[in-house]
Amino acid sequence: MNSNKSDLAVIVKAKDLCGYIMTVTQKSPKVFRFTFVAKLQNLSLEVLEYLYRANDVFVAKGDLKNREKRLELQREAMTSLKLLMYISELAYEQKCILFNQYEQISLLGTECLNMLGAWMNSDRKRWEA
């Protein structure tokens, strides 16, 4: 997937995850189209949306309102990522996706969670200084 050079690393990784999910779910059995497939695709897009929205919130020194807004968007992205990973586990158990596909989603999702957590910690440390 093409990435803007100015995108945060977590956004680049989330784009990879989203692209992978879109590719994998196209090959899923049609019986799952309106359940697991739709949910996985929507959650992956939701994660990207929250990350972009959080990144677009400019936080000036002492700006508590925007600080809270960014943190809330980061938390929403984290929750959506966790849900996506759980839904992918259910999708695997129901034979909507293959084990190696579930494994790849888990790997990319975990990397996104770790990078998002690091971003949140970096923001917190910068605001405390």
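The values are calculated or read from the model by the stated rules, or taken from the named source; none is laboratory data. Since the structure is predicted, the reported quantities are computational estimates derived from the model, not experimental observations. A quick note on method: Cβ atoms are made from the backbone with ideal geometry, for glycine too, and the neighbour counts reach across all protein chains shown. Keep in mind that these areas ignore ligands, DNA and RNA; they rest on the heavy atoms of the full protein, side chains included. Shrake-Rupley method; radii C 1.70, N 1.55, O 1.52, S 1.80 Å.
Taking Lys and Arg as +1 and Asp and Glu as -1, the other residues whose beta-carbon sits under 9 Å from that of VAL57 total +3. Once both labels are positioned 7 Å from their Cα atoms along Cα-to-Cβ, the gap between ASP56 and ARG126 label points is 1.8 nm. Taking the protein heavy atoms of region 11-129 in the context of the full set of protein chains, the accessible area attributed to carbon and sulfur is 55 percent at 1.4 Å.
Averaging the sequence gap over all C-alpha pairs within less than 8 Å and six or more residues apart, then dividing by the number of residues, gives the chain a relative contact order of 31 percent.
Its Cα gyration tensor gives region 1-60 an equivalent ellipsoid. The semi-axes, each the square root of 5 times an eigenvalue, are 27, 13, 5 Å from largest down.
The residues neighbouring PHE32, those whose beta-carbon lies less than 15 Å from its own, together hold a net charge of +3 under the Lys/Arg +1, Asp/Glu -1 convention.
On a per residue basis, region 19-75 carries 65 Å² of accessible surface, using protein heavy atoms and a 1.4 Å probe. Spin-label model, LEU8 to ARG33: label points 7 Å out along the Cα-to-beta-carbon direction sit 3.6 nm apart. LYS39 sits with roughly 100 Å² accessible to a 1.4 Å probe, with DNA, RNA and ligands left out of the calculation.
For the set TYR92, TYR86, TYR20, solvent exposure ranked by accessible area (probe 1.4 Å, protein chains only) runs largest to smallest as TYR86, TYR92, TYR20. With every protein chain present, what accessible area does SER106 have (1.4 Å probe, heavy atoms only), rounded to the nearest 10 Å²? About 30 Å², ignoring ligands and nucleic acids. For GLU103, the shell of other residues with beta-carbons less than 14 Å away shows a net charge of -3, using +1 for Lys and Arg and -1 for Asp and Glu.
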